[in-house]
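> The structure under discussion is supplied below as structure tokens; questions concerning it will follow.
The values are calculated or read from the model by the stated rules, or taken from the named source; none is laboratory data. Only a predicted model underlies this, so the values are computations on that prediction, with no experimental measurement involved. All Cβ positions, glycine included, derive from the backbone under ideal geometry; neighbour counts span all protein chains shown.
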């Protein structure tokens, strides 16, 4: 169990409730990363964890890990069997089923813990679970008042028009992940406490020099950037494409390594690449491919854009982040900026946006893109190339920043909030 940085909190039974989770089927974006790493950190801390999510219909409904201290529960599998693409395929039906069937089960978990003399913390995530939070609170108010502290967290504002915030305020303490998101919720007349996101400690483990070296050699003298994000307008894919095209037009011979998601917006991105005349090559390796395998594929290509059409292992992601000249994580509306922190932890240069990245210091620990002009990428790259000491400082300070956001440190604040919630109930 990890040591507390401050006086240790009580040990709780924690129920994590979200659509996304650890299955490949359920892993779409930052929410899955948050839930997986948060669950592991809670277990390491000594808490017992139940994780409810919309899981792979082909996997067991219930699965125990960490010697039973982490229990995965895959919900709405009977619907997922008819929607095989991913967790959000058939989302409306899953949301309605989840809202109706999850609350009684979660209430039973709380009551079982109370009978055993333990208190529960319930963490519901994003709009799809808001009705479930309300339903659970109603059941517990009648059957086990005071046995659980209920929190609902907003990772973004998607789906907010589906939420009855008046009821949600009565059911749960509302939290969010950044000051930007707090302001977004305030605009909806919702007051939320800020509890920041975290990253897993493994992101800070030093990589062997041989891991990133093959990619550096493959990148050569060409300015090389990486973008890993959902295909979504908010992720500013079109800006990234235009920025690479602008660099090419200026004679800089840039290269973009990109990895997206299954989304119709991919067609929009492809159309823009064709319109800008960028050469594109698809790299499809096996999920077991090594960093060296990717480096060989990169070295063999002269394309402007390399589309990584395979599951890229975390080890290879870290090597890409470290070896590249920059990682384009500058979303139009970024609730928190999890990728930016992961880039920092890997020793890379994060190009972030101007919204939810509370941790970002312009040219201190990251590059903060200040305009919508795609030519800014070339101008910034040329400026940094002429000042290698700034690049070294950004990489060093970025890692120092990431250390402050590892889950064992962030959890101190979470546990204090839980302790306070129970103190106010008494």
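> It is to be established whether one or more residues within the stretch 371-378 are touching a strand residue (DSSP E or B) at 6+ places or on another chain (Cβ under 6 Å) and either closer than 21 Å to residue 213 by Cα or in the same structural domain as residue 222 (by TED's automatic domain parsing) (or both).
Kept after step one, since they are touching a strand residue (DSSP E or B) at 6+ places or on another chain (Cβ under 6 Å), are these residues of the stretch 371-378: none.
No, every residue in the stretch 371-378 fails to be touching a strand residue (DSSP E or B) at 6+ places or on another chain (Cβ under 6 Å) and either closer than 21 Å to residue 213 by Cα or in the same structural domain as residue 222 (by TED's automatic domain parsing) (or both).
> To continue, here is another question. From the set of residues in the stretch 247-287 that are free of Cβ contacts under 8 Å to residues at least 12 places away in the same chain and either over 28 Å from residue 373 (Cα atoms) or in contact with a strand residue (DSSP E or B) (Cβ under 9 Å, 6 or more places away or on another chain) (or both), which is surrounded by the most Cβ atoms within 10 Å (Cβ to Cβ)?
Going through the qualifying residues, I end up with 270.
> Further question: Kindly establish whether residue 218 is in a loop (DSSP other than H, G, I, E, B) and crowded, with 19+ Cβ neighbours inside 10 Å. Before the answer, list the steps.
Numbers: in a loop (DSSP other than H, G, I, E, B): no; crowded, with 19+ Cβ neighbours inside 10 Å: yes.
Against the criterion (in a loop (DSSP other than H, G, I, E, B) and crowded, with 19+ Cβ neighbours inside 10 Å), residue 218 does not qualify.
> Okay, moving on. Would you confirm whether or not the stretch 186-199 contains a residue that is at pLDDT 95 or above, surrounded by 15 or more Cβ atoms within 10 Å (Cβ to Cβ), touching a helix residue (DSSP H, G or I) at 6+ places or on another chain (Cβ under 9 Å) and over 28 Å from residue 99 (Cα atoms)?
The answer is yes; a qualifying residue exists.
> Continuing with this model, one more query. Does residue 34 meet the test of being under 18 Å from residue 152 (Cβ atoms) and either outside any helix (DSSP H, G or I) or at pLDDT 95 or above (or both)? Quick ask: steps written out before the conclusion?
On the way: under 18 Å from residue 152 (Cβ atoms): yes; either outside any helix (DSSP H, G or I) or at pLDDT 95 or above (or both): yes.
Considered against the rule, which asks whether it is under 18 Å from residue 152 (Cβ atoms) and either outside any helix (DSSP H, G or I) or at pLDDT 95 or above (or both), residue 34 comes out as yes.
> Given the conditions (1) assigned to a helix (DSSP H, G or I); (2) surrounded by fewer than 17 Cβ atoms within 10 Å (Cβ to Cβ); (3) in contact (Cβ under 8 Å) with a residue 60 or more places away in the chain, which single one is not true for residue 40?
Unmet for residue 40, out of (1) assigned to a helix (DSSP H, G or I); (2) surrounded by fewer than 17 Cβ atoms within 10 Å (Cβ to Cβ); (3) in contact (Cβ under 8 Å) with a residue 60 or more places away in the chain: (2).
> In the stretch 221-246, which residue that is part of a strand (DSSP E or B) and under 23 Å from the mean Cα position of the chain (by Cα) is surrounded by the most Cβ atoms within 10 Å (Cβ to Cβ)?
Kept after step one, since they are part of a strand (DSSP E or B), are these residues of the stretch 221-246: 224-228.
Add one more test, that the residue is under 23 Å from the mean Cα position of the chain (by Cα), and what stays is 225-228.
Numbers: 225: 23, 226: 26, 227: 24, 228: 21.
Looking at residues that are part of a strand (DSSP E or B) and under 23 Å from the mean Cα position of the chain (by Cα), I get 226.
> So residue 343 ticks every box in (1) surrounded by fewer than 16 Cβ atoms within 10 Å (Cβ to Cβ); (2) assigned to a helix (DSSP H, G or I) but one. Which box is left unticked?
Going through the list (1) surrounded by fewer than 16 Cβ atoms within 10 Å (Cβ to Cβ); (2) assigned to a helix (DSSP H, G or I), residue 343 breaks only (1).
> With 309, 232 as the choices, which residue is in the same structural domain as residue 386 (by TED's automatic domain parsing), farther than 30 Å from residue 154 by Cα and in contact (Cβ under 8 Å) with a residue 24 or more places away in the chain? Break it down stepwise before answering.
Details: 232 fails: farther than 30 Å from residue 154 by Cα.
One residue alone meets the criteria, 309.
> Could I ask something else about it? For residue 118, state whether it is part of a loop (DSSP other than H, G, I, E, B), touching a residue at least 40 places away in the same chain (Cβ under 8 Å) and either surrounded by 15 or more Cβ atoms within 10 Å (Cβ to Cβ) or not assigned by TED's automatic domain parsing to the domain that holds residue 348 (or both). Steps first, answer last, please.
Numbers: part of a loop (DSSP other than H, G, I, E, B): yes; touching a residue at least 40 places away in the same chain (Cβ under 8 Å): yes; either surrounded by 15 or more Cβ atoms within 10 Å (Cβ to Cβ) or not assigned by TED's automatic domain parsing to the domain that holds residue 348 (or both): yes.
Yes: the conditions hold for residue 118.
> Considering only the stretch 176-196, I want to know if a residue exists there that is within 19 Å of residue 104 (Cα to Cα), in the same structural domain as residue 106 (by TED's automatic domain parsing), part of a strand (DSSP E or B) and in contact (Cβ under 8 Å) with a residue 40 or more places away in the chain. Show your work before the answer.
Of the residues in the stretch 176-196, the ones within 19 Å of residue 104 (Cα to Cα) are none.
No, the stretch 176-196 contains no residue that is within 19 Å of residue 104 (Cα to Cα), in the same structural domain as residue 106 (by TED's automatic domain parsing), part of a strand (DSSP E or B) and in contact (Cβ under 8 Å) with a residue 40 or more places away in the chain.
> Suppose we keep only residues that are under 18 Å from residue 11 (Cα atoms) and touching a strand residue (DSSP E or B) at 6+ places or on another chain (Cβ under 8 Å) within the stretch 67-92. Which one would you say is surrounded by the fewest Cβ atoms within 10 Å (Cβ to Cβ)? Reasoning before the result, please.
Residues of the stretch 67-92 under 18 Å from residue 11 (Cα atoms): 67-71.
Cutting the leftovers down to touching a strand residue (DSSP E or B) at 6+ places or on another chain (Cβ under 8 Å) gives us 69-71.
Working: 69: 15, 70: 21, 71: 18.
Looking at the filtered set, the residue picked out is 69.
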